[in-house]
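Everything on this sheet refers to the single structure shown next.
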Amino acid sequence: MTAYETVIGLEIHVELATKSKIFCSCSTTFGADVNTQGCPVCLGLPGALPVINEKVVEFAAKAGLATNCRVANYCKMDRKNYFYPDLPKAYQISQYDLPICEDGWLDIEADGTGKRVGIIRIHMEEDAGKLTHNDKTGHSYFDVNRCGVPLLEIVTQPHMNSAAEAKAMLENIKEIMETIGVSDCKMEEGSLRCDVNLSVRPIGQEAFGTRTETKNLNSFRSVVNSISFEEKRQIRVLETGGKIIQETRRWDDELGVGYSMRSKENEQDYRYFPEPDLVPIVLPQEKIDALKESLPELPAIRRNRYKTVYGLSDADARQLVFVPAFANFLDEAIAAGATPKAAANFLMVGIPFLLKENNLTENQIPFSPAILAELIALIENNTISSSIGSQVLAELFSQKASPKEIIEAKGWSQVSDTGLISQAVAAAIAENPQSAADYKSGKGQALGFLVGQVMRATGGKANPKMVNEELKKRLS
Amino acid sequence: MQLYEMTALALQKVIKEKQASIPEVVQSQLKRIESTDPKIGAYISTFPEEAMAEAQKQQKILEAGGTLPLLGGLPIAIKDNICTKDMLTTCASKMLYNFCPPYDATVISKLKEAGAIIVGKTNMDEFAMGSSTEHSAFHLTKNPWDTSRVPGGSSGGSAAAVAASLAPLALGSDTGGSIRQPAAFCGVVGLKPTYGTVSRYGLIAYASSLDQIGPFAKDVTDCALLYSVISGPDPKDSTSVMPKPFNQKANLEGNVKGLKIGLAKEYLANGLSFANRQALAKAQAILTEAGAEFVEVSLPLTQYNVPVYYIISCAEASSNLGRYDGIKYGFRAENAESLKDLYEKTRSQGFGAEVQRRILLGTYVLSSGYYDAYYKKALQVRTLVCQDFAAAFTKCNMLLAPTTPNSPWQFGEKSANPVDMYLEDIFTVSTNIAGLPGISVPVAQDETGLPVGLQLIGPAFGEENLFKAAYVLEQKGDRLGLLPRL
């Protein structure tokens, strides 16, 4: 039986987080009422003309610089012509032969091995409007709000060979775009979407197999699932003596199946030509250099710093850097004096949990990094136990007060009074004679039970270290 | 002389000296339109009530001691491919028969600010595609000097309106000669400005890289006045550019001493009518007499101008006109069975034959496999045409050229073979290809008394010199102050 290799290239669409659209001053805010963000320009009314949003050019150049691309000093916009009701001008303003960024790469890691994935190009374009269909009435509705929202299309080399690698590449792109602040990359809102080009070939064969393109995948899960579906399908076709047809495919995430949309023969001729309503875009080298200078620390460098400077594990560094809001919070908390490991733990477990509980996003932690640093200090100097620390954290989500004020108001200060602890320990031993006997006969785990009893009796406030020592002393 | 027959400058004086009120001026104009436009067909729509209301408003301001802006009280006609808020803007097409733009073109905002009073929207070749206004979906416009002949096109309505005293001023658009050629045919002055000096925002596009809005007037002075109002950079048009504002007054003292004027030998080749040759000789004599110096230059790519123009303009048009699909506004065909069917029926029924011809031609030259041979090649020739002009302008300040090879033709005379009509554009298209300014000014008449206009072509932003020389030609030519009998 032949062993096959999968070859994958991605086309990633990133919606840029500019305040206004690419060619007019309409707002880009997601979720606004239908048809409230439109004007003669994005509606494509006769006579209206586009004017490029400088911010889009800047964001596109930054995206290229952050992905090791060459940013062009001279590029232009082109028209891609096709008819569809969601495209008011019957052409999309995009870039054809002179994209703003070319020849980049990113290092990814998947299944424990690293590799470099090439980026062919990044270009700027406008999004189309949104159509919705009512199956009952047979009517279609058009929403102009998305028309002219700026997009980047990032086209990779066919350098990935597995779903895991494709996912890693997409994750890398997501964290970079978020880190440099050009996109919020919310897949559920469609601000990060991906087309997968995939072919298979017998291992050792140099020539590529015939590829298919699965369009518009909007979650990591659908990327992974559609890839495993499509590679299996193609291998099955070849194994049974069939031929792969070059075609565009669609993925049904609910059913977990892909299906053919149109074959290459039916593909449109887009009749690209230079957009005559816009002048070429000139980016002087000094401007490009200044943009490069302005880039924040990129994820790969940050991950490395978290490992070497903060002493975090590779997995922890990855998890934190993947969410720039958390990573920024971490850096600021550490700058305010927090111990890196302790701060990292809060940002990986307690804080994400509480954000979710409170329906908040990653950017909406309701207290400052300095507050987190204060909380950690209070745990580390034994003012409170770590379990009390978790309760203080929860309080920080519901009230505007410092950890100290919360502890005081709730009477949560850790008890380090020897007399009190001694009394509670004596009571616990008296109430649980069997456990005491077990410990004495060498069953070490009985001690944990007794510690728990003391902690419960003191409302979690007893200093656990002192409780431990007192128990050992009395039971020895 | 009737109020409606006066030039803009004369009307300004009349209003200023209180010999007539603004409502009287506008009323006179509206009555003239009512009585005479049925013979000419210059307008697609008129706005008598709105115009009178505006006239009365301005008169009140004037009587309250306010000062009138530059074009205060002056009636103006607007080509029907320039968007006017809440006023029908049809492009003389069935496709936009009911289209009322929700916004004003930049030139319209400027005119309104300057006090001009829009009396109507003028007829044109559908989507500005044509040289005779015969391609209007609505009606013919007749040449006021001989109503059996065409007024030229595509801005035939605007040129005829000014010639027939249906408006002292008008705006047109020029993509390949659409201002200058009808100006020449109707015996009025028309300027195609340097590409970028007049905002295209709100001009319904035919060919974006060639289109330019420009003024029509009864004489050179009025033409310069209107250009001074509509020109200037516009942040809404990325292709707009104007290094310094145009000052119309500084350019009309008629001094052409020391100016070097080029004559391109390729323009004097066969195919130029006798009347045009005579007019050229006359103009050369006038300008020489006034102190200008003539030099011979060469524009060797002249024979490629028309094909290059039709490839580029049709390519852009095929894309620009894609939006008329029956989905959002304008005409929608009935009984469509599918989306594709709706597109096909709407576009087949909504566009006239000439528009469909140019869309097909443009689609073809942009198609994969043909792009390099046609569109790309045309762009390369375009670069060379610009270089030819640049070389010529190292030897002279401007060129004197015919506007048209022939006099206005009879209706239907050139309809059988579209290429016959395309070839009439030979002297006008190259300025659009190179983005240069050109002005057509009436100089003489042909054997039958029809006006003959000549063209002055300048380097980019060379309008000042063009107006100087045009003024001399007008003052010393045979056509000053002549009005058709209607």
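Table for the structure above
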| item | result |
| --- | --- |
| Selection count where residues are open to solvent by less than 40 Å² (accessible area, probe 1.4 Å) and assigned to a helix (DSSP H, G or I), scope the stretch A:413-426 | 5 |
| Checking B:A336 against (1) within 9 Å of chain A (Cβ to nearest Cβ); (2) open to solvent by 30 Å² or more (accessible area, probe 1.4 Å); (3) without any contact (Cβ under 8 Å) to a residue 24 or more places away in the chain, the condition it does not meet | (1) |
| Any pair with Cβ under 7 angstrom, 6 or more apart, that starts in the stretch B:343-364 at a residue that is at the interface with chain A (Cβ under 10 Å from one of its Cβ atoms) and ends at one that is open to solvent by 40 Å² or more (accessible area, probe 1.4 Å) | B:Y343/A:F83; B:Y364/B:Y370 |
| Enumeration of residues in the stretch A:150-204 that are within 18 Å of A:P324 (Cα to Cα), part of a loop (DSSP other than H, G, I, E, B) and among the hydrophobic types (A, V, I, L, M, F, W, C) | A:I180, A:V182, A:C185 |
| Unique residue being closer than 30 Å to B:A137 by Cβ, at pLDDT 95 or above and either open to solvent by 30 Å² or more (accessible area, probe 1.4 Å) or not in a helix (DSSP H, G or I) (or both) when the list is B:E24, B:E50 | B:E50 |
| Answer residue from the stretch B:371-396, given it is among the aromatic types (F, W, Y) and more than 10 Å from every other protein chain (Cβ to nearest Cβ) and is nearest to A:Y96 (Cα to Cα) among those | B:Y374 |
| Considering residues of the stretch A:78-110 that are touching a strand residue (DSSP E or B) at 6+ places or on another chain (Cβ under 7 Å) and at the interface with another protein chain (Cβ under 10 Å from one of its Cβ atoms) only, the residue surrounded by the fewest Cβ atoms within 10 Å (Cβ to Cβ) | A:D86 |
| Matching entry among A:K410, A:K465 (being surrounded by fewer than 17 Cβ atoms within 10 Å (Cβ to Cβ), within 30 Å of A:L355 (Cα to Cα) and within 47 Å of the chain's Cα centre (by Cα)) | A:K410 |
| Sole residue being at pLDDT 95 or above and within 29 Å of B:I40 (Cβ to Cβ), chosen from B:V472, B:V381, B:V443, B:V419 | B:V443 |
| Set A:T67, A:T36, A:T6: member being among the polar types (S, T, N, Q) and under 23 Å from the mean Cα position of the chain (by Cα) | A:T67 |
| Matching residues, the stretch B:343-358, being open to solvent by 20 Å² or more (accessible area, probe 1.4 Å) and either assigned to a helix (DSSP H, G or I) or of a type in the set (K, R) (or both) | B:Y343, B:E344, B:K345, B:R347, B:S348, B:Q349, B:A353, B:Q356, B:R357 |
| Pairs with Cβ under 6 Å, 6+ apart, first in the stretch A:272-285 and free of Cβ contacts under 8 Å to residues at least 24 places away in the same chain, second of a type in the set (D, E) | A:P276/B:E316 |
| Residue in the stretch A:300-312 that is least open to solvent (accessible area, probe 1.4 Å), counting only those that are more than 14 Å from A:L347 (Cβ to Cβ) and outside any helix (DSSP H, G or I) | A:G311 |
| Residues of the stretch B:451-471 classified as open to solvent by less than 10 Å² (accessible area, probe 1.4 Å) and touching a helix residue (DSSP H, G or I) at 6+ places or on another chain (Cβ under 8 Å), total | 12 |
| Among residues of the stretch B:101-114, those that are open to solvent by 20 Å² or more (accessible area, probe 1.4 Å) and touching a strand residue (DSSP E or B) at 6+ places or on another chain (Cβ under 7 Å), counted | 1 |
| Residue count for the stretch B:110-144, restricted to those that are within 14 Å of B:S178 (Cα to Cα) and either free of Cβ contacts under 8 Å to residues at least 24 places away in the same chain or assigned to a helix (DSSP H, G or I) (or both) | 3 |
| Residue check, A:Q268 among the polar types (S, T, N, Q) and within 14 Å of another protein chain (Cβ to nearest Cβ) | yes |
| Subset tally (residues that are among the small types (G, A, S) and either closer than 14 Å to A:Q92 by Cα or more than 13 Å from chain B (Cβ to nearest Cβ) (or both)) for the stretch A:40-60 | 2 |
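Listed here are the residues, each with its yes/no results for (1) of a type outside the set (S, T, N, Q); (2) within 22 Å of B:N123 (Cα to Cα).
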| site | (1), (2) |
| --- | --- |
| B:M1 | yes, no |
| B:E5 | yes, yes |
| B:A20 | yes, no |
| B:A42 | yes, yes |
| B:S45 | no, yes |
| B:A55 | yes, no |
| B:P69 | yes, no |
| B:A77 | yes, yes |
| B:S93 | no, yes |
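The values are calculated or read from the model by the stated rules, or taken from the named source; none is laboratory data. A quick note: this is a predicted structure, and the numbers were derived from the prediction, not measured. Cβ sites come from the backbone with ideal geometry, for glycine too, and all protein chains shown count toward neighbours. Accessible surface is based on the protein model in full, side chains and every heavy atom, while ligands, DNA and RNA are left aside. Shrake-Rupley method; radii C 1.70, N 1.55, O 1.52, S 1.80 Å.
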